[in-house]
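J.: Just dropping this structure here.
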Amino acid sequence: MQFPASVDSLKSALHLPPHWVDQSVGICKVEERHDSGSEVTRCIKIESDFTWKVYAHGREINPLSSCSAISHIGGNLDPSSLQLLVDTVDRCTVCSGNSEKQFVSVVEARKGSIRSSNGDVSAFLDQSMPFIDPVAGEASHVTVRSSQCTLLTDGNSKCEVCRAYRKNLRAIVSRSTRVSSPEKRKQVDASSHTNYRYMIGKGYWSRV
Ligand SMILES: [Zn+2]
Ligand SMILES: [Zn+2]
């Protein structure tokens, strides 16, 4: 493969999708915000050696641990892989994480993060990246994101990492409801009353 002479010649045949502009900081997608103004929602920076970085809402995407569509694009761009990269980043959406209310509240109750047994943060409350909530079908920005989240995802609302993390969140939610549910506490009380009566009937207390 013959590499181009410069980043400018690399980009010379590039066809930019709608909302994309070639700026001094990189090739960026600029979108209207629903409240006011516009925002750079995606950005691709290309170095003089044709290596590249992708940013979504200002956050750097690790190309190796990103969604497979992005991680399959080679480390050094040529004109056709650059076109593929731009089209892929344009198409990818922000991972929704696990945005259900019960997951958000259980992480809020743990000061915004869940730690694994070795102390590392395995998931956290993220309020910084707008996404389309798959349940409500509308824009949201509050979710529980796995620390290994790929941030962008191709064709699914959640990345594989956040999808796999759901079972941990379900387990944490069911553990915390078992402890705090008043229904369950009432059942425990009722059964211990029965035990007292049983023990009194057996003359247990008279021996004490
Ligand atoms: Zn943003
Ligand atoms: Zn994710």
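J.: Are there any pairs with C-beta distances below 8 angstrom linking a residue in segment 79-91 that is basic (Lys, Arg) to a residue that is not in a helix (DSSP H, G or I), with the two at least 6 apart or on different chains, and if so which?
T.: Every condition considered, the pairs that remain are 91/154.
J.: When you look at residue 47, is it farther than 25 Å from residue 160 by Cα, of a type in the set (Asp, Glu) and open to solvent by 40 Å² or more (accessible area, probe 1.4 Å), yes or no?
T.: Working: farther than 25 Å from residue 160 by Cα: yes; of a type in the set (Asp, Glu): yes; open to solvent by 40 Å² or more (accessible area, probe 1.4 Å): yes.
Answer is yes for this residue.
J.: I want to confirm something. Restricting to segment 64-75 and keeping residues that are in contact (Cβ under 8 Å) with a residue 60 or more places away in the chain and of a type in the set (A, V, I, L, M, F, W, C), which single residue is nearest to ligand 2 (Cβ to nearest atom)?
T.: Pass one, segment 64-75, residues in contact (Cβ under 8 Å) with a residue 60 or more places away in the chain: 65-70.
From what's left, of a type in the set (A, V, I, L, M, F, W, C): 67, 69-70.
Numbers: 67: 9, 69: 14, 70: 13 Å.
Among residues in segment 64-75 that are in contact (Cβ under 8 Å) with a residue 60 or more places away in the chain and of a type in the set (A, V, I, L, M, F, W, C), the one nearest to ligand 2 (Cβ to nearest atom) is 67.
J.: Further question on the same structure: Do any strands (runs of 3 or more DSSP E) entirely within segment 52-139 hold 3 or more residues that are in the same structural domain as residue 161 (by TED's automatic domain parsing) and within 16 Å of ligand 1 (Cβ to nearest atom), and if so, which? Break it down into steps so the answer makes sense when it comes.
T.: On the way: elements: 52-56, 59-61, 113-115, 121-126.
Counting at least 3 such residues, we get no strands (runs of 3 or more DSSP E) at all.
J.: Pairs only if they're at least six apart or on different chains, beta carbon under 8 angstrom, first in segment 38-63 and more than 17 Å from residue 128 (Cβ to Cβ), second open to solvent by 70 Å² or more (accessible area, probe 1.4 Å) and within 14 Å of ligand 1 (Cβ to nearest atom); list them, first residue then second.
T.: Here the result reads 38/32; 53/60, each pair linking segment 38-63 to a residue that is open to solvent by 70 Å² or more (accessible area, probe 1.4 Å) and within 14 Å of ligand 1 (Cβ to nearest atom).
J.: May I pose another question? Given the criterion more than 30 Å from residue 20 (Cα to Cα), out of contact with any Lys or Arg (no Cβ under 9 Å at 6 or more places or on another chain) and in contact (Cβ under 8 Å) with a residue 24 or more places away in the chain, identify the matching residue among 94, 121, 107. Let's see the steps before the verdict.
T.: On the way: 94 fails: more than 30 Å from residue 20 (Cα to Cα); 121 fails: out of contact with any Lys or Arg (no Cβ under 9 Å at 6 or more places or on another chain).
From the options 94, 121, 107, the qualifying one is 107.
J.: Please find, among 35, 8, the residue that is at pLDDT below 95, exposed (fewer than 12 other Cβ atoms within 10 Å of the Cβ) and not in a loop (DSSP other than H, G, I, E, B). Outline the logic, then answer.
T.: Values: 35 fails: not in a loop (DSSP other than H, G, I, E, B).
On inspection, the qualifying residue turns out to be 8.
J.: Here is a follow-up. What are the residues in segment 77-101 that are among the hydroxyl-bearing types (Ser, Thr, Tyr) and open to solvent by 40 Å² or more (accessible area, probe 1.4 Å), if any?
T.: Within segment 77-101, the subset among the hydroxyl-bearing types (Ser, Thr, Tyr) is 80-81, 88, 93, 96, 99.
Within segment 77-101, 80, 93 meet the criteria.
J.: Against the condition among the hydrophobic types (A, V, I, L, M, F, W, C), away from ligand 2 (no atom under 16 Å from the Cβ), in a strand (DSSP E or B) and farther than 28 Å from residue 147 by Cβ, how does residue 30 come out, does it pass? Explain how you work it out, then say what you get.
T.: Working: among the hydrophobic types (A, V, I, L, M, F, W, C): yes; away from ligand 2 (no atom under 16 Å from the Cβ): yes; in a strand (DSSP E or B): yes; farther than 28 Å from residue 147 by Cβ: yes.
So residue 30 fits the description; yes.
J.: Residue by residue through segment 140-150, note down the ones that are among the polar types (S, T, N, Q), part of a strand (DSSP E or B) and open to solvent by less than 20 Å² (accessible area, probe 1.4 Å).
T.: Start the filter on segment 140-150 by keeping residues that are among the polar types (S, T, N, Q), which leaves 140, 143, 146-148, 150.
Filter once more, keeping what is part of a strand (DSSP E or B): 140, 143, 146.
Selection gives 143, 146.
The values are calculated or read from the model by the stated rules, or taken from the named source; none is laboratory data. Nothing here was measured: the structure is a model prediction, and the numbers come from that model. All Cβ positions, glycine included, derive from the backbone under ideal geometry; neighbour counts span all protein chains shown. Quick note on the areas: whole protein, heavy atoms, side chains included, nothing else; ligands and nucleic acids left out. Shrake-Rupley method; radii C 1.70, N 1.55, O 1.52, S 1.80 Å.
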